[in-house]
């Protein structure tokens, strides 16, 4: 799959819209644009049975799995609810992302 354009970026605060973690929110720690997915802190936790290595201890490790971008929405900085993203041009011609309902910059 080719790279997917996304309005969500690393470091954004997002809310999960569907799935087992619906309603949870967290910060995007990693973007996997080639797959159209993102890893969100504290969301979509899975357990992995890992073998011991020189650097890491073995056992059952809980870590975050990726979640599809269509199941995520940006969190409005003003209200804290899920929001759509719009774009606005600044006075100096710089393009900034804004939350649609509040008009607040993201």
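A short reminder: the numbers here are calculations on the coordinates, not readings from a lab. All of these numbers come straight from a predicted model, not from anything done at the bench. Note that we place each Cβ from the backbone using ideal geometry, even for glycine, and neighbour counts take in every protein chain shown.
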(message) Taking 4 °C and 1.567 mPa s as the conditions, I'd like the Stokes-Einstein D for region 35-83 in µm²/s, using the Kirkwood hydrodynamic radius from alpha carbon pairs.
(response) 98 µm²/s
(request) Along Cα→Cβ, 7 Å out, is where each label goes; now give me the distance between the ones at residue 79 and residue 102 in nm to one decimal. (result) 1.0 nm
(request) Using only the Cα atoms of the chain, each taken as one equal point scatterer with no solvent, compute I(q) by the Debye sum, divide by I(0), and report log10 of the ratio at q = 0.13, 0.15, 0.22 Å⁻¹. (result) -0.56, -0.70, -1.16
